[in-house]
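Before any comments, here is the structure.
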Amino acid sequence: MELLNYLQTHFITKESLLRESQLSYLELATLIEKRLMPKAAYKLALKLECDSFFGEHSDESSLEFYPQGALVWLGAVSQVTDEAQAFALFSKRYKDQLHRLKAQGLNPRDAKLDQDIDAHLESEWQHFLGGIYGLCTKTGLPEDIANKEAAIVIINEYLARDEHLSPDELTNLHQVVDLLDEASALFAPHELERSSRKRLIDDVRAKFPKPLTS
């Protein structure tokens, strides 16, 4: 199964997460319920049918998959006691990454990432807790989320301009596309065609080839 191969390659199972973190099922469930830890990015319900010399057999099981950065986030919130503290940590790491991007000259002209950053972060936090960013970024961590959101805004700014891009602008566009590529998940086979990766990485690279360098 392509989906199962994808998940086993790029995500960690709930069992692996518990083993590496030395948490119990109940402790992880409590962290999720207290809104300190995101939900799983993927949940699979599996039904197995077996036919052998001993006859037919059927079995059912469920699997949960978390992003590669789940252990890092668990470590970061190990001393946190409530959602407000967890959100403050998320917000600081997100804002710090935006500042790093701006220092590199990547400054999206978008109110939600500037004047309305606090309201934007409230929305981002809900998506984070719901497991959405565990699905669509490689690590599920605030830094990758900030990179992804900022890159999407900048790429859309370029796409909204109905004019020819100069060689320098094309170079800048490809730098931002590379940033999005690095932060974004590869997406499961059944999701790729509808994903931001297809629209803002694959399609943009096809439409705007890199300028030739001398």
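The values are calculated or read from the model by the stated rules, or taken from the named source; none is laboratory data. Note that this is a predicted model, so its numbers are computed, not measured. A quick note on method: Cβ atoms are made from the backbone with ideal geometry, for glycine too, and the neighbour counts reach across all protein chains shown. In case anyone asks, the SASA skips ligands and DNA or RNA and just uses the protein heavy atoms, side chains included. Shrake-Rupley method; radii C 1.70, N 1.55, O 1.52, S 1.80 Å.
Cβ contacts < 7 Å: first residue basic (Lys, Arg), restricted to region 31-55; second residue open to solvent by 100 Å² or more (accessible area, probe 1.4 Å) and not in a helix (DSSP H, G or I), any location; separation 6+ or different chain. Result? Correct list of pairs: 47/60.
Conditions tested, residue by residue: (1) of a type in the set (A, V, I, L, M, F, W, C); (2) in a helix (DSSP H, G or I).
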site	(1), (2)
51	no, no
72	yes, yes
88	yes, yes
95	no, yes
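Of the residues examined, residue 146 is one that is within 28 Å of residue 82 (Cα to Cα) and either touching a Ser or Thr at 6+ places or on another chain (Cβ under 8 Å) or buried (at least 19 other Cβ atoms within 10 Å of the Cβ) (or both). Among the residues of region 8-49, the ones that are open to solvent by less than 60 Å² (accessible area, probe 1.4 Å) and at pLDDT below 95 come to 2 in all.
Every test in (1) surrounded by 17 or more Cβ atoms within 10 Å (Cβ to Cβ); (2) under 30 Å from residue 29 (Cβ atoms) is passed by residue 92 save one, and that test is (1). Evaluation of residue 100 against the conditions (1) touching a residue at least 24 places away in the same chain (Cβ under 8 Å); (2) open to solvent by 90 Å² or more (accessible area, probe 1.4 Å); (3) part of a helix (DSSP H, G or I) shows that the sole unmet condition is (1). Given the criteria of a type outside the set (Gly, Ala, Ser), under 22 Å from residue 123 (Cβ atoms) and more than 22 Å from the chain's Cα centre (by Cα), does residue 59 qualify? So residue 59 fails the test.
Among the residues of region 165-200, write down those that are part of a loop (DSSP other than H, G, I, E, B) and of a type in the set (S, T, N, Q). Within region 165-200, 166, 195 meet the criteria. Considering region 158-188 alone, what residues qualify as being in contact (Cβ under 8 Å) with a residue 24 or more places away in the chain, within 30 Å of residue 8 (Cβ to Cβ) and open to solvent by 60 Å² or more (accessible area, probe 1.4 Å)? Result: 182, 186. Every listed requirement among (1) charged (D, E, K, R); (2) open to solvent by less than 70 Å² (accessible area, probe 1.4 Å); (3) in contact (Cβ under 8 Å) with a residue 60 or more places away in the chain is met by residue 197 save one, (3).
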